[in-house]
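One structure is given below, encoded as structure tokens.
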Amino acid sequence: MNTPSQESPRQRIRVMIVEDSRPVREMLEYIIGNDPRLEVAASVGSAEEALRKLHKISPDVISMDIRLPGMNGFEATQRIMAEKPTPIVVVSASVESEELKISMNALRAGALSVMEKPVSTSHQDYAALAERLCTQLVIMSKVRVIRQRVRRDLRLQGSASVKAARAEPVIPPVAGTFQMLGIVASTGGPNALVKVLEGLGRNVPVPVLLVQHITPSFLKGFVSWLNGISPLPVREAVDGQLPQAGHIYVAPADLHLIVDRGRLRMDNSEPVCVQRPSGTVLFRSMARCVGANCLGVLLTGMGEDGAAGLRDIREAGGYTIAEDESTAVVYGMPAAAVRMGAVCESLPLDEIAPRVLQLLLTATPVPS
């Protein structure tokens with residue numbers, strides 16, 4: 001007698017928890033263990049223990065505390081990315097300067113995102129923070145990361161499953177006449193931004209407007225951290241200010257950054273591509289305000305934010321660059337831009353800053 005075939009249960013995503021506080025570790029075990037998408041593969045109290053178990057457990061994703069006894073989360077991230085590359089979500093309890101600095105450096109070393117640590121179950125934000133953490137672990141578990149050498153510059157490369165044709169380079173309309181540079185990044189963005197900003201150096205003759213998708217509570221600390229690394233001064237954008245050449249303006253938390261009649265404006269309209277601030281909103285406002293004299297750069301990120309706005313810049317006569325698949329941690333946003341025909345040129349991360357400088361500083365068109 002034939003028996004009806006039963007569908008095999010959906011395989012859960014295996015999470016390793018690295019957290020030194022026993023009460024917090026138990027809370028994370030409860031949160032992750034009760035999410036039908038996830039299961040706790042291991043729960044350890046130190047980075048050293050995590051490294052000892054890593055090869056045996058082979059988790060799909062790691063929830064990484066930052067302030068640990070002995071080796072901290074940044075050092076652990078470096079070791080994991082060098083020895084057994086695994087998606088890492090930094091889970092931090094504080095946005096204070098020292099812990100935030102470690103968190104941001106962990107992103108440079110290869111961690112994919114930073115999240116707020118859920119508070120006690122009696123706190124009003126508990127359910128939202130718990131859901132956000134679990135969803136982030138699910139999303140990041142799908143990112144393919146590759147082995148990293150531990151280098152001084154903490155270079156991070158990677159790829160994702162999204163495929164798209166490489167954009168064909170075109171000759172910019174008139175190089176050397178650009179008035180504004182916009183940069184948009186998401187997952188993997190902090191490391192990519194540091195590479196681009198270090199490559200640009202101090203000789204940037206236009207204002208730089210930046211959208212980085214990051215947990216809102218970490219935004220001010222991210223700006224402070226980036227300001228300490230970038231050759232150019234970095235500040236959070238303020239409504240009504242006139243942007244100055246050689247300065248970087250970061251979109252505030254939960255507000256769109258737009259350009260209107262040459263000034264920066266903050267906008268609380270609906271999210272675009274599930275993002276506020278949105279790269280598409282920024283790029284579209286640049287296209288309207290600056291037209292052919294703006295330059296847009298779209299870096300690593302999940303989803304499609306920034307792609308449609310980059311197309312507006314290109315259609316307005318401006319020049320657009322997307323990070324190439326060969327270096328993008330997540331080739332989602334750049335791939336969407338290429339599919340839309342929004343990209344003048346796709347470049348590996350190390351080549352973006354030199355090309356931008358060439359476009360900003362050269363007085364004649366640059367051959368492709």
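The values are calculated or read from the model by the stated rules, or taken from the named source; none is laboratory data. The structure displayed is predicted, hence computed values, not measured ones. Here the Cβ is made from the backbone with ideal geometry for all residues, glycine too, and neighbour counts use every protein chain on show. The area values use the complete protein model at the heavy-atom level, side chains included, leaving out ligands, DNA and RNA. Shrake-Rupley method; radii C 1.70, N 1.55, O 1.52, S 1.80 Å.
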Round to the nearest 10 and give me the degree value, 0 to 90, for the angle of helix 73-83's Cα axis relative to the longest principal axis of the chain. 90 degrees
Residue by residue through the range 239-245, the couplings from Karplus 6.51 cos²θ - 1.76 cosθ + 1.60 with θ = phi - 60°, in Hz, x for Gly and Pro, are 4, x, 6, 8, x, 9, 4
Amide H contacts under 5 Å for Q241, restricted to residues at least 5 apart in sequence or on another chain and with H modeled in the peptide plane, are L264
The set of residues whose placed amide H lies less than 5 Å from the amide H of M302, leaving out same-chain residues fewer than 5 positions away, is T187, M333
A253: net charge of surrounding residues, Cβ under 15 Å, Lys/Arg +1, Asp/Glu -1, itself excluded? -1
Distant-in-sequence amide H partners of L38 (H built 1.01 Å from N, under 5 Å): I13
For the chain, built as a Gaussian network whose Cα springs stay under 10 Å, the top-fluctuating residue of A353, A322, A111: A353
Distance in Å, no decimals, from the C-alpha centre of the range 214-229 to the one of the range 291-368 is 24 Å
Return the percentage of antiparallel bridges among DSSP beta bridges fully within the chain, rounded to the nearest 5 %. 15 percent
Rounded to whole Hz, the Karplus (6.51, -1.76, 1.60) HN-Hα couplings of the range 192-202, x for glycine and proline: 5, 4, 4, 4, 5, 5, 5, x, 6, x, 8
Please work out whether the chain counts as rounded, prolate or oblate from its C-alpha gyration tensor, where a ≥ b ≥ c are the square roots of the eigenvalues and a/c under 1.5 means rounded, while otherwise a/b larger than b/c means prolate and anything else oblate? prolate
Based on Cβ point charges of +1 for Lys and Arg and -1 for Asp and Glu, what charge dipole magnitude is obtained for the chain about its Cα centre, in debye rounded to the nearest 20? 640 debye
Given pairs K53/K142; K142/K195; K53/K220; K53/K117; K56/K195 and cut-off 29 Å on Cα-Cα distance, the over-length ones are K53/K220; K56/K195
Gap separating the Cα centres of the range 53-96 and the range 119-146, nearest whole Å: 16 Å
Under a 1.4 angstrom probe, counting protein chains only, how are H256, H123, H247 ranked by accessible area, largest first? H123, H247, H256
Please say if the range 56-143 is rounded, prolate or oblate, where rounded means a/c under 1.5 for a ≥ b ≥ c the square roots of the C-alpha gyration tensor eigenvalues, and otherwise the choice is prolate for a/b larger than b/c and oblate otherwise? oblate
Output the antiparallel fraction of DSSP beta bridges having both residues in the range 196-282, as a percent to the nearest 5. 50 percent
Using 16 Å as the cut-off for backbone N distance, which residues of the range 22-50 belong to the label zone defined by a point 7 Å from the Cα of M71 along Cα→Cβ? 43-50
Calculated from backbone phi, Karplus (6.51, -1.76, 1.60) coupling profile of the range 315-331 in Hz, x at Gly/Pro: 5, 7, x, x, 10, 10, 10, 10, 5, 6, 4, 5, 10, 5, 4, 10, 8
